[in-house]
Amino acid sequence: MSASDPPRYCAFCGLPLTASFSVGGDRLAAGDEYCCSGCRTVASVENAGREQGESANSLLRLGIAIFFTMNVMVFTMALWSGDVYAEEAFANPLAGALRGVFRWASLMFSLPVLLLLGKPIAEGVWESLRRKAITTDLLVLLGIAAAYGYSIVSVLRDEGHIYFEVGAMVLVFISIGRWLEAKGKHQTGESLDALARLLPTTVRRLGAGGAFLEIPREEVRTGDIVRVLPGERVAIDGVISSGSAAVDQQIVTGESRYVEKKVGDRLFSGSLNVDGDLRIEVTAADGEETISRILKLVREARRAKGRHERLADRIATWFVPTVCVIAIAAGWRQGISNSFDQGILTALAVVLISCPCALGLATPMAVWTALGRAANAGVLFRSGMVMERLATVRYACFDKTGTLTTGSPEAGELLVATGEDPQRVCRVAAALAAGSNHALSQAIVRFSQQRGETQPVVEDAEVRSIPGRGLVGEIAGVGQAVLGNRRLMEENRLRWREELGSAAIEGDASPQEVFIGWENVVRGVFYFAEQLRAEATTALEACRDLGLELRMLTGDEQQRAELIGERINIPATSGQLPEDKSTTLESLARQGGVAMIGDGLNDAPALATADVGVALGCGADLSRDTAGVCLLGDDLRSFPWAVGLARQTFRIVKQNLFWAFAYNCCGIALAASGRLNPIWAALAMAASSIMVVTNSLRLGRYPELLSGAVVSITDTSQTAVANVLPTAGGEHETSEQELIVTAS
Amino acid sequence: MIELPLIFVGGLLGSAHCLGMCGPLAISLSAGAPAGTNQLRRQIVFSLGRVFTYGFCGAVAGLGGAWLSSESRGFVLSQAWLAVLAGAVLVLMGLVTAGVLPRPAIRFLSGLPCGAAGWLKTFLAAPGWLGALVAGVFTGFIPCGLVYAFLLKAGSSGGIWMGWLTMASFGLGTIPLMVLIGYGGQFLATAHRARVFHIAAWCIVLTGAISIARGVAQLNPPADAVTADCPFCAERTERSAQ
């Protein structure tokens, strides 16, 4: 049975081939397989490349077929009008002769339609027969052949009804429907294609002679040196070997600010070099670099089938044989009770109205479009199943450090001993701190800058770093100054001033502190506080609006955790070691689905335990595979956005499934009763598939998160280069102001 | 039959109206074609495609009208009422075009030609006359108030042949101007065009008036009517005849 086979994909739209009932186990691995004749036709048009004549041919065939069908309809209407004016038709001696002419004309004009439009369908049937699979197309073809055959015999014998218009119209409607459907399905991958298209197709590689030559992206190897000019996107992952530039890496990190990159810094593929001439040493070549890995991840995500999809698959497998049986039975009954031609028409209507396409597409179309949309916004789902689970999550648990807070400490306050000049203390501390890359040192430098310290920090100080303690250095006008923790002060035998010593001890929730002193006296102390993310409140508010129950899990001590918890109004569970987090999540999971949001580094076990693990700020580090969802950016608001998208996706999946089931049940019942003309059945079938496709494609237009927060993939390189300076400067200013506000 | 020449004239002059919508398509047919093709022939084939569609729609409308009157015979003279309705719509359209009545505030479908051009691009650009023919066939389906008004007229004609003839005459009438615009572009000064517009408008009004008159005449049953009218209809026809 095909359901257990490895999934196969349509060569045009990339959707999985609809599960089909197959006879025997052997399959031929035959070239390109398509999910429907629509995809085959559109693919043949698009594969023809830019050759106008060849590409137009296939569409032209459809057009000509429509022209012939219209003719057939006119002749048929003329015959019908004979029925309307029955008495006149018999009174007129010409009428009989005319009737014969119209019947022959219908035959003549409907044969080209069969040749033009029946061929692609027949090719598809032939291909599936070679795969030993039975599709409804086979029955459709048989039905149409029967309608034509019966009518031809009627014309030749000059008695009985003719059904050329049925055959021709059915062919036209099926072809138009499949065409539109294939076009729609192809859009499923549009968001991903937009990502893939971002990478330039050629790169400038340093050749043996020292000149840069433009070569295709695929030929670049690890270790090569490539040159990227301002305004260009980086095609590979690499390390800058010369030059520096402002880089827009929104695509990968979601950060909308330009980042300064200099020699030795890493660059991700897809990043936009805004203003520098860069030489980059390739660390990951084409196919291995960040964008390719993102694409690969999303494509893999499509492979796992969710609950809904497996259900639809199981039904679809048995759908075709069931429809065949119903069609034959209904046709037999009509044939016995009415006439032979009625039997054929009834069977044809049953086969036509049954729409395995709608059933098979209901879930993958929606999920795949949503996966692409999410990837486009910097949210990577590891599988459609994860998305399905996220849609039903009830609890959202947040890690504290690095998730709700920025993770990097901020100097919140400077307390100086009596009689000291705060400016001076600050300046000396900053001068020392400038000599170190430690997070606390950087925070002190930032603090001094925010204090309005316009005077450039003295950087010529000789600073020695004492691991685990702090910094010691010679500062002009001060002598040897010491910056560090309590232990460093004591080791250097610095004298404590009363107010500093006691201030540091009071209170259990002691914030982190760094002392500064010189000439044997401790002069001041910096207090550090964790900073809430700027967007944390909005993000949590959005989560509450979605009806999620929120929790904060942290390894921090109770008092500090509660302080933060109160500020953002969520209950905090403190003192949680990584194993404890897993236990807490398990107990929550008994009451409903749990999503755990963390940075994916120290809380990996928790992310793995939760129903859905969400890693924040994955950036290019896609290897954090304990998380089911990777938020590329460092924006907490992506989480509620992703939940919203997942819920909308499964709302649409349910609509699709409901529609497909209801439509098929009602349609088949109606057709089996012999009350449905095959023409209407063909029209309804096309409409049904197209409805499922368009309904799913709505997800591709799921709104952006908030302005600037989520990346939209449009190549704005030109404009970006044009207004780089004002934008970058402006953003920088506002961000500084924000920091000052939070710091003071 | 008396109306057919008039309908032709209505199409001929009314096609000044077509230039707005179908004109761009005709022009892009010329513009998009590969060099060295016979432009005049392509334009004529394109227009014949349109006329084919009009005729087809006319036949459908005629059959529909005939079916309606055969289904309702004896109760409502549907054919006559259709003729009156078609006439009224034509008069209305003519008066609007002539500027006697104000234009309707909502102009829907105004963005359609551009969308249709995208759709038909493949056919319009295809070499040879088949592409032009198919493009014409599809162009005929582009929604158009004038076409719909004449389709109502075709529906009142009472049979598929008369319906076909009605729409074919209308379509043939639109050929000269459309071919000219596609082939040669500018052909009339603005002032002259305004006058043509005006004459066209009154032609449409006249066609509508004749249609109404015929409908009303049909509603007035001849003395030896075989089937008795229902009292309700009879009362109404008496009133309208006065």
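The values are calculated or read from the model by the stated rules, or taken from the named source; none is laboratory data. Keep in mind that this is a model prediction, so the values were computed, not measured. When we count neighbours, we look across all protein chains shown, and the Cβ atoms used for this are built from the backbone with ideal geometry, even at glycine. In case anyone asks, the SASA skips ligands and DNA or RNA and just uses the protein heavy atoms, side chains included. Shrake-Rupley method; radii C 1.70, N 1.55, O 1.52, S 1.80 Å.
Things worth noting here:
- Amide H contacts of residue A:553 (H built 1.01 Å from N, under 5 Å, at least 5 apart or other chain): A:398, A:399, A:400, A:573
- Interface residues in the range B:157-183 - accessible area drops by 30 Å² or more relative to the isolated chain, probe 1.4 Å: B:160, B:161
- Cα→Cβ-extended label distance, 7 Å offset, between residue A:546 and residue A:651, nm: 1.3 nm
- Residues losing 30 Å² or more accessible surface upon assembly, the range B:45-68, compared with the chain by itself, 1.4 Å: B:52, B:56, B:63
- Accessible area buried at the A-B interface, both sides summed, 1.4 Å probe (Å², nearest 100): 2000 Å²
- Inter-chain shielding of A:59-70 (mean C-beta neighbours from other protein chains, 10 Å cut-off): 5
- Measuring between alpha carbons in the structure, the pairs from A:132/A:654; A:185/A:654; A:132/A:185; A:262/A:296 lying more than 22 angstrom apart are A:132/A:654; A:132/A:185; A:262/A:296.
- Distance in nm between pseudo-label sites at residue A:587 and residue A:206 (7 Å out along the Cβ direction from Cα): 5.9 nm
- Ordering of A:434-446, A:200-212, A:355-367, A:289-301 by packing [mean C-beta count within 10 Å, highest first]: A:355-367, A:289-301, A:434-446, A:200-212
- Taking only protein heavy atoms and a 1.4 Å probe, the accessible area of the range A:523-661 is 50% carbon and sulfur.
- Projected label distance in nm at residue A:130 and residue A:145, using a 7 Å step from Cα toward the beta-carbon: 1.8 nm
- Length gained on full extension, residue A:538 to residue A:314, computed as 0.36 nm times the residue gap minus the Cα-Cα distance: 76.4 nm.
- Amide hydrogen neighbours beyond the local backbone of residue A:277, cut-off 5 Å, H modeled: A:244
- Shown in residue order for the range A:70-78 are the 3J(HN,Hα) couplings computed by the Karplus curve 6.51 cos²θ - 1.76 cosθ + 1.60 at θ = phi - 60°: 4, 4, 4, 4, 4, 5, 5, 4, 4 Hz (x for Gly and Pro).
- Within 10 Å of the Cβ of each residue in A:157-165, the mean number of Cβ atoms contributed by other protein chains is 0.
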